[in-house]
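Visitor: Before I ask anything, here is the structure I am working with.
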Amino acid sequence: MRHRIAVGSGPAGLTFARVLHRHGHRVAVLERDPAPDARPPGGTLDLHEGLGQLALDKAGLLAEFQALSRPEGQAMRILDTDGTVLRDWQARPDDRANPEIDRGQLRDLLLGPLDVQWGRGVTQVVPGARDGVLVDFADGRQEAFDLVVGADGAWSRVRPAVSSVTPHYTGVTSVETSLDDVDSRHPGLARLIGDGSLAVYGVNRALVAQRNSGGHAKVYAQFRAPLDWHTHLDLADVEAVRSSLLTLFDGWAAPVLDLLRHGTAFTHRPLYVLPESHTWTHVSGVTLLGDAAHLMPPLGAGANLAMLEGAELAESIATATRPGDLDEAVRAFEERMWARSGRWAKITLAGLERLVSPDPAEALALFDEVQPS
């Protein structure tokens, strides 16, 4: 039985579509961006063996991922605010537990043969119509599907069809910047960051840098502040934002502050989450994956969970051959997803509390718990 299915084009949606494609099912992949390169794809992701890598295995893409990924990106260095090295974990070349891959590389790997409908922004999803679930598009058109999978991120346009819950601010803001050609233009910072990530923790604030491929590095200034902390700033004024951040981190070691001094642009990213136990009354023909279902702090779990959910839902649907099987498959999947995502939501929220904390020792203790000895 062939079902009319629509999904978004984030990691969860693309994994869902690739697994169904592997089973011979077509999916309408919808994306509001006009083209794959319409905006920067973001930084790097560590894909875990039992989560994101398992999802890629279900999609038949694990070997290709392993060829693209960077096991050395698992390295982690933690400094004190005065520049003292507190921890320096080096990755083993054969360690495949959580290798890194750039988001853009992962997206291109998942896209493969999929036929994405670019420039198709969704404005509303209306379940319960006689012909199925109606999707309203930004261009004024409307289309019906048997199943709409909301894999459209934190501010999902699909979520209101099943839940009235919206994300809330955690009290932690992240301001992102980038370093290009870091090895040739900023060799001192390249050595400071190393092959993986660098983190420095102070009182209610942190600076984190992550190596990407191609000599690119992402830098994140994280701090506790009201949501309107920036009202006196023009966030488009690079020098004004840089000056504000340097004041916020005043007194930290000069090489650490160089991560901000040499940033090329700054993007404001307040951290939002959904409630830990976000569930909903099942609605026939609509479900959610990833951030649309369980938005968490960005501590390495979200994309991994989202991809595995996409793969698992796709496998369940691939075996739904009789009338009514599709809805039962989705209903059973939701129950499994809620149980697992609820556990991870608690872990990541507790982690954020410790990483951006009044006591920087809490961050160090957390890494000591999770890093291999």
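Visitor: Hey, any idea what the orientation-averaged projected area of the convex hull of the chain's Cα atoms comes to, in nm²?
Guide: 18.4
Visitor: Still on this structure, please answer the following. In nm, what is the difference between 0.36 nm times the number of residues separating D325 and A144 and their Cα-Cα distance?
Guide: 63.3 nm
Visitor: Got a number for carbon plus sulfur as a percent of the chain's accessible area, 1.4 Å probe?
Guide: Roughly 50 percent of what the probe reaches on the chain is carbon or sulfur.
Visitor: Label A97 and E362 with points 7 Å out from Cα along Cα→Cβ: what is the distance between them in nm?
Guide: My value for the distance between the label points is 2.5 nm.
Visitor: Please report the accessible area of K58 (heavy atoms, 1.4 Å probe, ligands and nucleic acids excluded) in Å², nearest 10.
Guide: Accessible surface of K58 is approximately 50 Å².
Visitor: Treating only the Cβ atoms of Lys and Arg (+1) and Asp and Glu (-1) as charged, compute the dipole magnitude of segment 90-162 about its Cα centre; round to the nearest 20 debye.
Guide: The dipole of segment 90-162 has a size of about 200 debye.
Visitor: Right, another one. Give the relative contact order (percent, whole number) for the chain; include only Cα pairs under 8 Å separated by 6+ residues.
Guide: 22
Visitor: Multiply the residue separation of D57 and L235 by 0.36 nm, subtract the distance between their alpha-carbon atoms, and state the gained length in nm to one decimal.
Guide: 59.9 nm
Visitor: Something else about it: To the nearest Å, what is the center-to-center distance of segment 30-83 and segment 167-184, using C-alpha atoms only?
Guide: Between the Cα centres of segment 30-83 and segment 167-184 lies a distance of 16 Å.
Visitor: Something else now. Kindly report the accessible area of the chain per residue (heavy atoms of protein chains, probe 1.4 Å, no ligands, DNA or RNA), in Å².
Guide: Averaged over the residues of the chain, the accessible area is 44 Å².
Visitor: Among DSSP beta bridges lying fully in the chain, give the percent that are antiparallel, nearest 5.
Guide: The antiparallel fraction comes to roughly 75 percent.
Visitor: What size of dipole, in debye to the nearest 20, comes out for the chain about its Cα centre when the only charges are +1 on Lys and Arg C-beta atoms and -1 on Asp and Glu C-beta atoms?
Guide: Working: 36 positive and 49 negative charges, 122 e Å.
That gives a dipole near 580 debye.
Visitor: Quick one: which residues, 5+ away or cross-chain, put their amide H under 5 Å from the amide H of V286? H built at 1.01 Å from N.
Guide: Those lying under 5 Å, H to H, from V286 are V148.
Visitor: Here's a follow-up. How many angstrom separate the Cα center of segment 256-289 from the Cα center of segment 330-373?
Guide: 15
Visitor: Which Cα, out of L30, Q105, V200, lies furthest along the positive dipole direction of the chain (beta carbon charges, K/R +1, D/E -1)?
Guide: Value: L30.
Visitor: Here's another thing I want to ask about it. Report the Cα-based extents of segment 45-98 along its three principal axes, largest first, to the nearest Å.
Guide: 46, 18, 14
Visitor: On alpha carbon coordinates alone, what is the Rg over Rh value for segment 118-219, Rh being the Kirkwood radius?
Guide: We get a ratio of 1.21 for segment 118-219.
Visitor: Here's something else I'd like to know. Per-residue HN-Hα couplings for segment 203-212, Karplus 6.51 cos²θ - 1.76 cosθ + 1.60 at θ = phi - 60°, whole Hz, x for Gly and Pro?
Guide: Karplus values, whole Hz, x for Gly and Pro: 6, 6, 7, 7, 10, 10, 10, 10, 6, 10.
Visitor: Which residue, L68, L248, L134, has the most motion in a Gaussian network model of the chain that connects Cα atoms within less than 10 Å?
Guide: Its mean-square fluctuation being the largest, the pick is L248.
Visitor: Treating the beta-carbon of each Lys and Arg as +1 and of each Asp and Glu as -1, no other charges, what is the dipole magnitude of segment 149-237 about its Cα centre, to the nearest 20 debye?
Guide: 320
Visitor: Please compute one quarter of the surface area of the Cα convex hull for segment 4-150 and express it in square nanometres.
Guide: Across all orientations, segment 4-150 yields a mean hull projection of 11.6 nm².
Visitor: Still on this structure, please answer the following. Ignoring ligands and nucleic acids, what accessible area does F65 show with a 1.4 Å probe (Å², nearest 10)?
Guide: Roll a 1.4 Å probe over it and F65 shows about 0 Å².
Visitor: Report relative contact order for segment 85-149 in percent, whole number only (criteria: Cα-Cα under 8 Å, sequence separation at least 6). It would help to have the intermediate numbers written out before the result.
Guide: Values: 47 pairs, mean separation 11.9, N = 65.
Value for segment 85-149: 18 percent.
Visitor: Just to check, using Stokes-Einstein with a Kirkwood Rh over alpha carbon pairs, what's the diffusion coefficient of segment 174-245 at 37 °C and 0.692 mPa s in µm²/s? Show your work: numbers first, answer last.
Guide: On the way: Rh = 13.3 Å.
The estimated diffusion coefficient comes to 246 µm²/s.
Visitor: A further question follows. Explain nothing, just the number: relative contact order of segment 271-318, from Cα pairs under 8 Å at least 6 residues apart, as a whole percent.
Guide: 38
Visitor: Continuing with this model, one more query. Compute, for V208, the solvent-accessible surface of its heavy atoms (probe 1.4 Å) with the complete set of protein chains present, and express it in square angstrom to the nearest 10.
Guide: 20
The values are calculated or read from the model by the stated rules, or taken from the named source; none is laboratory data. If you're wondering where the values come from, they're calculated on a predicted model, not measured in any experiment. Ideal geometry is used to build each Cβ from the backbone, glycine not excepted, and the neighbour counts take in all protein chains shown. Accessible surface is based on the protein model in full, side chains and every heavy atom, while ligands, DNA and RNA are left aside. Shrake-Rupley method; radii C 1.70, N 1.55, O 1.52, S 1.80 Å.
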